[in-house]
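The structure under discussion appears below in the form of structure tokens.
The values are calculated or read from the model by the stated rules, or taken from the named source; none is laboratory data. Every value quoted in this text rests on a predicted model; they were computed, and no experiment measured them. Don't worry about glycine lacking a Cβ; one is built from the backbone with ideal geometry, like all the others, and counts go over all protein chains shown. The protein model used for the area step is the full one, side chains on, heavy atoms only, and it has no ligands, DNA or RNA in it. Shrake-Rupley method; radii C 1.70, N 1.55, O 1.52, S 1.80 Å.
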Amino acid sequence: MDDSSATTSDAFLTRLLWLSVTLITVGAFQALALTTVMPAVADELNGYALYALTMGAPLATHVISTTIGGKWVDARGPYIPTITGCSLAALGLVVAGIARHMEVVAIGRAIMGLGTGMLMVALYAMVGSHVPANKQPKFFAIFAAAWVVPSMFGPFFAGWVAERYSWRVVFLAVVPILLIAVLAMIPILKPLPRKHESIWKDKNAYRLVLIATGAGGGAALMQIVVSQRSIVAGVIFVVLAALVFYLLKQLLPVGTLSARRNEVGAAIATRMWINAPIVATEAFLPLMLVEIHDWTKKTAGIVLTIGGISWALGSYVQGKIADPQKRHRLPIMGGILSTIGIAIAAISAFPWAPPILTAFAWLLAGAGVGLTLPAMSVVALGSTPKSEHGQISASLQIVDGIGAALAIGVVGFFQMIPYIVGDHQAQGNPFVPGLLFMAALAALSTYTATRVPKLTGPDSIDSTTPRR
């Protein structure tokens with residue numbers, strides 16, 4: 001059996017699916033669990049001023065590793081990038097878990113972002129290159145379903161552990177599982193074809209890595225600036241946000257941020273405008289419930305559980321729909337649901353609002369993003385040749401990382417406005433303005449979704465779309 005048939009056989013696809021599900025499940029647990037315990041981390045280390053930085057750091061470094069990882073996968077294959085990504089993620093968890101200062105937690109989280117970014121690029125590229133097009137929607141739906149168990153038990157369990165023992169246990173307990181996964185994946189990755197090309201064969205690669213580093217660094221600086229709470233900091237934040245957005249444009253396929261009709265860029269743009277506000281809102285929900293509504297940390301985590309389950313259900317539904325016309329409407333419906341959900345979450349941030357409203361809000365928002373993200377992955381990979389799957393996978397991860405980092409920074413910026421105007425005693429809510437802005441961004445995804453090619457498979461999409 002040749003390499004091509006070996007890597008498309010049912011046995012290989014089954015092993016690849018189990019590998020991917022295992023890694024995504026571990027990643028989902030640490031993402032949801034760590035978001036749940038971050039208020040406890042900030043409380044113990046007196047790090048509320050660096051809360052936005054700690055939440056946004058992995059998203060900022062994500063863009064650097066995805067850019068390098070995309071080039072690496074296309075030049076050498078997914079074997080080494082996958083192993084490297086898992087190892088960096090484990091190292092970041094250890095650094096954050098033993099930290100005595102909030103700044104060190106942020107560094108550990110940044111290392112985690114380097115690892116998860118590279119890992120996800122490799123996984124997406126493997127699916128795009130080795131999974132038949134008619135099976136890809138199912139794969140991406142199962143990827144989302146891999147969040148179900150962590151969503152059901154992760155946040156509540158993490159909150160319980162943080163309250164009964166320590167938040168450090170939540171960080172460190174994931175490390176041995178991740179290392180076992182690294183060992184288990186080696187025999188699965190060995191059959192994959194390997195290349196021996198230089199990662200820098202494309203003269204444009206150096207420029208892209210420099211741009212990615214600048215964008216990631218700028219996004220990280222944004223998280224630091226919002227903790228300063230002054231007029232000067234506010235001006236610097238706006239300048240940095242504009243710079244990062246400009247650099248982001250250089251990293252993506254032509255026409256992405258303008259969402260050109262019938263191009264892969266529209267799919268990537270839709271992914272960004274729905275994912276970024278969801279991640280940013282979710283980053284602050286546990287803090288909001290603890291500070292505004294006096295919920296316990298483990299109880300606040302239940303909201304993330306509800307959103308994760310509805311996200312997985314939304315992904316499952318999109319994976320079952322094959323009719324092109326119906327699939328074309330999925331991201332539009334998803335954007336509407338997410339917009340409504342985030343808007344309701346903003347209302348629930350008022351002290352007079354019943355906090356249970358937050359749970360209902362996240363039920364809607366999770367379902368919306370579940371309907372949208374897998375569909376956008378299918379059309380982005382399906383509209384590009386296999387030789388570019390590493391770069392397109394990187395683009396998908398870049399908008400996830402930088403988009404979310406920008407959004408988290410914006411929420412933090414709205415929280416610093418009362419200090420900028422010199423009225424930090426004002427009767428207001430620090431969460432509401434930022435969350436309403438996130439709802440507006442989610443609404444933008446409904447527009448860009450109308451410009452995405454119908455999801456009828458790669459044969460119906462022009463694969464000559466200009467890239468970077």
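Some observations on this one:
- Annotation: of all residues in the range 331-364 being in contact with a Pro (Cβ under 9 Å, 6 or more places away or on another chain) and not hydroxyl-bearing (Ser, Thr, Tyr), the one that is farthest from residue 320 (Cα to Cα) is 349.
- Residues in the range 57-82 that are closer than 13 Å to residue 121 by Cβ and among the aliphatic types (A, V, I, L, M): 6 in all.
- The number of residues in the range 406-455 being at pLDDT below 80, more than 30 Å from residue 379 (Cβ to Cβ) and open to solvent by 10 Å² or more (accessible area, probe 1.4 Å) comes to 15.
- Odd one out for residue 294, checked against (1) touching a residue at least 24 places away in the same chain (Cβ under 8 Å); (2) open to solvent by 30 Å² or more (accessible area, probe 1.4 Å): (1)
- Subset of the range 201-226 that is open to solvent by less than 90 Å² (accessible area, probe 1.4 Å) and in contact with a Phe, Trp or Tyr (Cβ under 8 Å, 6 or more places away or on another chain) - its residue that is modelled with the lowest pLDDT: 226
- Within the range 316-348, the set of residues being open to solvent by less than 10 Å² (accessible area, probe 1.4 Å) and either of a type in the set (A, V, I, L, M) or at pLDDT 80 or above (or both) comprises 330, 331, 334, 335, 338, 341, 342, 345, 346, 348.
- Within the range 338-350, tally of residues that are free of Cβ contacts under 8 Å to residues at least 60 places away in the same chain and either within 15 Å of residue 447 (Cβ to Cβ) or not in a helix (DSSP H, G or I) (or both): 0
- Tally of residues being of a type in the set (Val, Ile, Thr) and at pLDDT below 70 across the range 166-200: 1
- Some residue of the range 23-40 being more than 30 Å from residue 208 (Cα to Cα) and outside any helix (DSSP H, G or I): no
- Residue 276, sole failed condition from (1) within 23 Å of residue 52 (Cβ to Cβ); (2) open to solvent by 50 Å² or more (accessible area, probe 1.4 Å); (3) not acidic (Asp, Glu): (2)
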